[in-house]
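For reference, the structure is listed below as structure tokens.
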Amino acid sequence: MSKRETGQHKTGQNKTAKRRNGLTYAEAGVDIDAGNLMVEKIKPLVRATRRPGADGEIGGFGGLFDLKAAGFTDPVLVAANDGVGTKLKIAIDAGKHDTIGIDLVAMCVNDIVVQGAEPLFFLDYFATGKLDPDQGAAIVGGIAQGCRQAGCALIGGETAEMPGMYHGKDYDLAGFAVGAAERGQLLPTDDIVEGDVLLGLASSGLHSNGFSLVRRIVAASGLAWSDPAPFNDEATLAEALLEPTRIYVKSLLKAIRNTHGIKALAHITG
């Protein structure tokens, strides 16, 4: 399983400077101890996502997955990567980081399942200017929850602390998922015809799309993220807008395998 590491960029030395000749990572703004603490905090979260084919620990340089142990005979791999977009800004501004990781997983695994494939494993990339282990653990906790919802293993990731690249409490996320289907069972099929039934599956909200427009509307309204949501009496505006992207994997895989009646699927975003 993949080792999570803080940024490893070396700092240059000014030989003409009158100060001592040498700098530490900490003086450059990179806290190795914080990175190690975060790894310890997330180990049980990662362990909870184990599944057949993936039962290792984080700490290695690459993540391992055994397709044979997962039950595949002649698999075709399907890969996807994505981010969360500016929905991240709401999580950052509202100080609520425990669900944004679900969105990250959802945007990747939903792309995989619509091709008829089963998501098998996930890796994340978390970059920030200054690492807060508790914040990082909350984010990865959401990622682990998303992986459990999708039935895939979180087999590794990277934590990059990059001072000067991100402003204040800003951070960014990227996700990478790999799935598989037996050869000949991928979607779409080649027998789609006029008259086939088209079904729309409900979303859990805006998912992770259109939040640049959403944020402009909120700014124009004068509402704070902590104000009650005008469209949800039981949640603040931030809580309502941060409702995680629905993960359709398990229900769709069940329908695909039990009915053999699904000819094509589309993950509508944007």
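The values are calculated or read from the model by the stated rules, or taken from the named source; none is laboratory data. In this text the structure is predicted, and so the values were computed from the model without any measurement. Heads up, the Cβs are rebuilt from the backbone with ideal geometry, glycines too, and the neighbour counts pull from every protein chain shown. All accessible areas refer to the heavy atoms of the entire protein, side chains included, with ligands and DNA or RNA removed. Shrake-Rupley method; radii C 1.70, N 1.55, O 1.52, S 1.80 Å.
Just a few scattered comments:
Conditions (1) among the hydrophobic types (A, V, I, L, M, F, W, C); (2) at pLDDT 95 or above; (3) in contact with a strand residue (DSSP E or B) (Cβ under 9 Å, 6 or more places away or on another chain), marked per residue:
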{"position": "178", "(1), (2), (3)": "yes, yes, yes"}
{"position": "193", "(1), (2), (3)": "yes, yes, no"}
{"position": "197", "(1), (2), (3)": "yes, yes, no"}
{"position": "205", "(1), (2), (3)": "no, no, no"}
{"position": "224", "(1), (2), (3)": "yes, yes, yes"}
{"position": "239", "(1), (2), (3)": "no, yes, yes"}
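- For segment 167-187, a residue qualifies if it is within 27 Å of residue 52 (Cα to Cα), part of a loop (DSSP other than H, G, I, E, B) and open to solvent by 40 Å² or more (accessible area, probe 1.4 Å), and the qualifying residues are 183, 184, 185, 186.
- Candidate set: segment 123-135, residues that are in contact with a helix residue (DSSP H, G or I) (Cβ under 7 Å, 6 or more places away or on another chain) and modelled with pLDDT of 95 or more; chosen: the one surrounded by the fewest Cβ atoms within 10 Å (Cβ to Cβ): 126
- When the residues of segment 212-243 are filtered to those that are assigned to a helix (DSSP H, G or I) and not hydrophobic (A, V, I, L, M, F, W, C), the one that is most open to solvent (accessible area, probe 1.4 Å) is 216.
- Out of 69, 94, one residue alone is more than 16 Å from residue 154 (Cβ to Cβ), open to solvent by 20 Å² or more (accessible area, probe 1.4 Å) and free of Cβ contacts under 8 Å to residues at least 60 places away in the same chain. It is 69.
- Enumeration of residues in segment 233-263 that are over 22 Å from residue 82 (Cα atoms) and of a type in the set (Asp, Glu): 233, 234, 239
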